[in-house]
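Some notes on the structure that comes next.
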């Protein structure tokens, strides 16, 4: 301490303040910071005391600092880490010599010349010092030349290319060449040091000794001889305290102690520079390194103050002259962020940064937030990132800030919060793409991808032990987002595999199977292909029950065509076969893969594909628990394919094995015993159906008591049917039904007899067998079809009672069938054909109670209502009939347009109801008789009735139903015809003489002629419509007959007599509506409507004119 006190009294002593005690007492390291474990020597203290202020401008020299490394582990999907080592990144710009930059040859000549001059001159020669110094510089330049050759761009590129191409020999050769150049560089650097050392020894008091010592120390430092360099700088300071090289030497001495973590001593030398040499080029650097000394000693306020002084100095007039001013300012701004992170308030950070660096305050804020994350101060980091987002909410940079919020939140282990922040990040990721620069977005995409990947995989791993379903679910959601957003990403393959495994763990086997499939699709020969193939099969196995479906019956000789395999089953088959290919014969559960594929193929009748798997299973994996079932399926496949030679061969191979026991052994024995039966199928395979049928019949005759009798007879019938030998087929089916009516094939045989008679158009016999089939086997699947055919045939044959009985039976057995309403309706039609109107009304009334509220059966409802009306009409109960017809029309008018558009036969029933209303009005008009006493009133009433009838018939025409359009046009013509007749036959008024009566009648004839023309026009239109639609009925015939009477020019045309026989009168053909649309101009609707509206007035005019 006494020495220290004396040093403080020296005129140039550094005022260390509180630091002096630590120098005297020794350095004590702060938490987490390493310090040199020694006390500063007396020499150091003396150096600090004797160095005067600067006298000359100083040049820059370089100091080396290691860059921070950034690594990431792709295979384990760990977070990317930044090794943010607390250390300065700025290099000091210390003074250096300007070298000559001569060519290598010229430089060699210079060196030789200088060596000769040195050897030839005496030590007293005043130029000898210069010779030595020039020689040292030449060696120095030679060293730099070899350094540049070692790191020549072409050599570096060659090494890089050799490494990438895997050419190890070439890479080794080039690296050896590079190392040789670096060794030569070191040789010349040593010669430089040796030359400067010789100068110091030979000329210790030379005027340029300060320069010699400075460059000697610099080269010693560069040659990694730091201790020697340090001692050289000490000698420089001691010998030439007034030298312009002093600031640079002090900085290098400071660097020497800084690099040894002796920050207290280093600080003393830096302070000497920035307090004693304010105009030195290293002034700002000394301030900067002082800030780092304070930081490393844990005095963060002092550190922050020094970095802030550097920023202020770089903005001053003196600092603006420095070459490295911008770099100095930038690094100081960044490093003061580090100091702020240790002592500042995150809430005030942005305001502080705006004050000291408004141009880069956002970058400093982000840097501080990043440091908070590295220091585990996650809350502070999140606050700062949110402030940055608020600073520029519309910038694409908000994505980066939000991503870093995700990182900070994730590191707090707050999973719900992390999920929420991830969702925000992904939303921004998808929205900022249009505004972000391409390079920036590419980099950020990689970061977002990595963040999502790391969190998902980490949570996945964490949730496995101990199992945590909630965390698993969150990981699954993140995997889904990853696969959605990065389908072409670098890590899509392992991530997809991870996702598949996670889904399997969650027992979501259907989704897991799809993801395992995708893993294999991504890389069929990849790292996970075998495992993915196995787990895909496993997952499908957990979704599907492959044990569904029993062994198919050998008696089922038909109906075994290949069926389409459903998508899920098809995927499982693919998974099994893929696993078989990948895993090989010794793979785990390979036998199960064969069995599953074979069983699924078998279930859908793909026997050719099932057999190889089942053969593999039975042949190579006999001890597997599923092998007995596989053997049954294999034998069944050959049996169903009628490949009986193979069936018998496998029966022989299986006999005597461990599989031949129990039920399977019985089956094997039967196969061997049924060889003669099976040989009949050989004829069937070659399509010799008659021979096959005869073979089966012969077998049945030879073995009448065999249990295969039903199958033999049925197969005989099937083959005879294929050969169109129907007589023999009927005999075979009949024998089967008579001899084995308890067989499962008996119902098929009886039904087939009906089918054969139907194909022969012998409908009475077909109906009888269908009815017998229904009676004997009411639960057979073919009963509905049999009843339908029997009913249709009985009705067509006029056997109405039998038809009604079949219909009733159908409705009892199938009340919910889609056909039930139509069948029920047809019963009423049969009553109509029988003219049993009482039963008809009763039947359709019950029909309406069942179906009236169903839009699906509205056609039939309209028909039932109409049929009730026509029954009432037939028994002349006109009042009730008209009410019923009006109900039909009212129901139709109340339908929605959508329901009306779907009507089929219903529109015909509506047209008929409308027609019948007009028919009744026309009938009523005929009942009005004209007499001389009521002539005027009766005539007007009759005319009005005819007009009303015509209006109703026009409405019929508007419904555009062929039959009723023609009927309506006929009745319009008839109305005109009857009106003309009424006019002609009306009695003359009383009081007229014979001449007046004659004139009166002539006038009536003229008036009637005009009406007849309208009748003729209507009849012609009726026939033209019939011709156009090729639709001729009784109403067309009546029109033709009336024209023959009214129009003498009318000629009978034979084609008018062609009638439709394929069609019911109250329905429309499927193509009818489209036909009407294409030919809408042919319909007389518009003209008829106009006439109907004016008919009353025109007829009234006729009467008035006639009366006059």
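Bear in mind these aren't lab numbers, they're just calculated from the coordinates by the rules spelled out. These numbers were taken from a predicted model, which means no experiment stands behind them. When we count neighbours, we look across all protein chains shown, and the Cβ atoms used for this are built from the backbone with ideal geometry, even at glycine.
Any number yet on Rg/Rh for the stretch 102-203, C-alpha, Kirkwood?
My calculation of the ratio gives 1.18.
Take the Cα atoms of the stretch 718-758, find their three principal axes, and give me the spread along each one in whole Å, biggest first.
Computed over the Cα atoms, the extents are 27, 16, 12 Å.
I'd like to compare 414-427, 785-798: which one has the highest average count of other Cβ atoms within 10 Å, and what's the full order after that? Please list the in-between numbers first.
Values: 414-427: 17.3, 785-798: 20.3.
Highest-to-lowest ranking by the protection proxy: 785-798, 414-427.
Rounded, prolate or oblate: which fits the stretch 119-262 when a ≥ b ≥ c are the square roots of the eigenvalues of the alpha-carbon gyration tensor, with rounded for a/c under 1.5 and prolate only if a/b beats b/c? List each step's numbers first, then the result.
Working: a/c = 3.60, a/b = 1.77, b/c = 2.04.
Taking the square roots of the gyration eigenvalues as a ≥ b ≥ c, the stretch 119-262 is oblate.
Please check which bits of the stretch 816-834 a label hung off residue 899 would reach, taking the label as a point 7 Å along Cα-to-C-beta and the cut-off as backbone N under 18 Å.
Taking a point 7 Å out along Cα→Cβ of residue 899, the residues of the stretch 816-834 whose backbone N falls under 18 Å are 821-822.
Run the simple label-point estimate for residue 927 and residue 317 please: 7 Å along Cα→C-beta, distance reported in nm.
Going from the residue 927 label point to the residue 317 one covers 13.1 nm.
Mind running the shape call on the stretch 807-910? Use the C-alpha gyration tensor, a ≥ b ≥ c as the square roots of the eigenvalues: rounded below 1.5 for a/c, prolate if a/b tops b/c, oblate otherwise.
On the way: a/c = 2.18, a/b = 1.03, b/c = 2.10.
The shape class here is oblate.
Go ahead and run the numbers for FRET between residue 775 and residue 542, Cβ-Cβ distance against an R0 of 56 Å, rounding to 0.05.
Working: r = 48 Å, r/R0 = 0.86.
It comes to 0.70.
Suppose each label sits 7 Å from its Cα in the direction of the beta carbon; what would the residue 808-residue 551 distance come out to in nanometres?
About 4.8 nm separates the two model spin labels.
Working out 0.36 nm times the residue gap between residue 761 and residue 679, then minus their Cα-Cα distance, what length gain in nm do you get to one decimal?
Working: separation 82, 0.36 × 82 = 29.52 nm, distance 3.51 nm.
Length difference between fully extended and current span is 26.0 nm.
Starting from the Cα of residue 738, step 7 Å along the direction of its Cβ; do the same at residue 588; then give the gap between the two resulting points in nm.
Placing both labels 7 Å along Cα→Cβ, they lie 6.5 nm apart.
So if R0 is 41 Å, what FRET efficiency would residue 468 and residue 347 give, r being the distance between their Cβ atoms, rounded to the nearest 0.05?
According to the calculation, E is roughly 0.70.
Which residues among the stretch 298-314 fall inside the zone where the amide N is under 17 Å from a point 7 Å beyond the Cα of residue 327, along Cα→Cβ?
311, 314
Could the peptides 133-140, 972-979 be put in order, highest first, of the mean number of other beta-carbon atoms found within 10 Å of their residues? All intermediate terms of the calculation are to be shown ahead of the outcome.
Values: 133-140: 22.8, 972-979: 24.9.
So the order, starting with the most tightly packed, is 972-979, 133-140.
Suppose the chain between residue 880 and residue 430 were pulled fully straight at 0.36 nm per residue; how much longer would it get relative to their current alpha carbon spacing? Intermediate results must be reported in sequence, preceding the final value.
On the way: separation 450, 0.36 × 450 = 162.00 nm, distance 7.39 nm.
The span from residue 880 to residue 430 would gain 154.6 nm if fully extended.
In nm, what is the difference between 0.36 nm times the number of residues separating residue 1027 and residue 1006 and their Cα-Cα distance? If you can, show how the numbers build up before the last one.
Numbers: separation 21, 0.36 × 21 = 7.56 nm, distance 3.17 nm.
Roughly 4.4 nm would be gained on extension.
Extent of the stretch 301-366 along each principal axis, from alpha carbon coordinates, in Å, largest to smallest?
36, 24, 15
Which peptide among 874-881, 1027-1034, 500-507, 591-598 comes first, and what is the full order, when sorted by highest mean count of other Cβ atoms within 10 Å? Please list the in-between numbers first.
Numbers: 874-881: 13.4, 1027-1034: 16.1, 500-507: 19.5, 591-598: 26.1.
Those peptides, ordered most packed to least, come out 591-598, 500-507, 1027-1034, 874-881.
Over what distance in Å are the Cα centres of the stretch 1014-1044 and the stretch 316-347 separated?
Using only Cα atoms, the two centres lie 109 Å from each other.
Calculate the length of the line joining the C-alpha centroid of the stretch 773-789 to that of the stretch 260-306, in whole Å.
What the calculation gives is 107 Å, centre to centre.
If R0 is 56 Å, what FRET efficiency do you get for residue 144 and residue 392 from their C-beta distance, rounded to 0.05? Don't skip to the end; give the middle numbers.
Details: r = 47 Å, r/R0 = 0.84.
After rounding, the FRET efficiency stands at 0.75.
Just check the stretch 407-476 against the gyration tensor rule for me: Cα atoms, a ≥ b ≥ c as the square roots of the eigenvalues, rounded for a/c under 1.5, and otherwise prolate or oblate depending on whether a/b exceeds b/c. The partial results should precede the final answer.
Values: a/c = 2.84, a/b = 2.34, b/c = 1.21.
It comes out prolate by the Cα gyration axes.
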